[in-house]
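Take a look at the structure set out below.
All of the numbers you see were taken from the coordinates with simple rules; none came from a lab. These numbers come from a predicted model, not from an experiment. As a convention, Cβ positions derive from the backbone with ideal geometry for all residues, glycine included, and neighbour counts pool all protein chains shown.
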Amino acid sequence: MGQEGAGEPRVIARAVGETGGELVLRRVGSALEIIDNGIFLMDTRDGTSEREMVRASLAALPAERTGVRVLIGGLGVGFSARSALDDPRVEQVRVVELEPLVIEWHRGPLAEVAGDLTADPRCELTCADLAGWLERAAAPGGPRFDAVCLDTDNGPDWTVVEGNRRLYEPAALDLLDRVLRPGGVIAFWSAMRAPAFADLLERRFGAVRTVEVPVRRGEPDVVYLVRGTGGG
């Protein structure tokens, strides 16, 4: 997302994150921004592409499906989670977020941005490394989801956390497939086109739907959407 806004940035919270870098929540004009180790991560100005990732995922499910369960990788400012919760077919949203501070901010300055996710009984916020969590969840008897939406980092070619590159490798794609219910879908958000990753998805899953969402400046945000190969 862009970083336009009136006024000088005002730091609201600053602390060392789980990966050892500095995690900052700041206000610029009327917007809130999250900065991770000096890298702009997201803000509250728009959120169109994050919402589109969820909308496209749910739209790809069979029309008659109800009791939908959604897994979201990365909490951020909460646009993705709120978009899922606003769909009447959705029964539960599980958000896996690495940084406990980000979850805590949703009990404070970020609460109003996404409609107070921590107070919604359908929304479960789990503090964990997504790659490790998926390994546990993919085991027999683990949770299964109709849609999995990955909004970690800035996409496969621009990971803020080095270890998150694992999420875009073949082994992780297998785990993501295994946590799906039959007929489920997986979506990946990216701040830029990632043709090599799209090719990897096509080899693993077959058809890949690419949704490009225009932004205020620069190349569009991109959502890559695939259908699971069998379900967990």
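One table, with the values for the structure above:
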{"quantity": "Global size of the range 17-88 as Cα Rg and Dmax, reported in angstrom", "calculated": "15.0, 45"}
{"quantity": "Within the range 168-199, backbone nitrogen closer than 17 Å to the virtual label 7 Å beyond the Cα of THR48 toward Cβ", "calculated": "190-193"}
{"quantity": "Antiparallel DSSP beta bridges within the chain, as percent of all bridges there, nearest 5", "calculated": "55 percent"}
{"quantity": "Translational diffusion coefficient (Stokes-Einstein; Kirkwood radius from C-alpha pairs) of the range 91-136 at 37 °C, 0.692 mPa s, in µm²/s", "calculated": "294 µm²/s"}
{"quantity": "P(r) weight above 23 Å for the range 37-131, C-alpha pairs, percent", "calculated": "21 percent"}
{"quantity": "Among GLY141, GLY73, GLY184: highest mean-square fluctuation, GNM of the chain, C-alpha pairs under 10 Å", "calculated": "GLY141"}
{"quantity": "In order through the range 75-85: 3J(HN,Hα) via Karplus (6.51 cos²θ - 1.76 cosθ + 1.60), integer Hz, x for Gly, Pro", "calculated": "8, x, 8, x, 4, 5, 4, 5, 4, 5, 5"}
{"quantity": "Highest to lowest packing among 80-87, 166-173, scored as the average C-beta count within 10 Å", "calculated": "80-87, 166-173"}
{"quantity": "Convex hull volume per residue in cubic angstrom - Cα atoms of the chain", "calculated": "112 Å³"}
{"quantity": "Relative contact order %, the range 46-227, counting alpha carbon pairs below 8 Å whose residues are six or more apart", "calculated": "22 percent"}
{"quantity": "Highest average packing first - 197-203, 222-228, 42-48, Cβ atoms within 10 Å", "calculated": "222-228, 42-48, 197-203"}
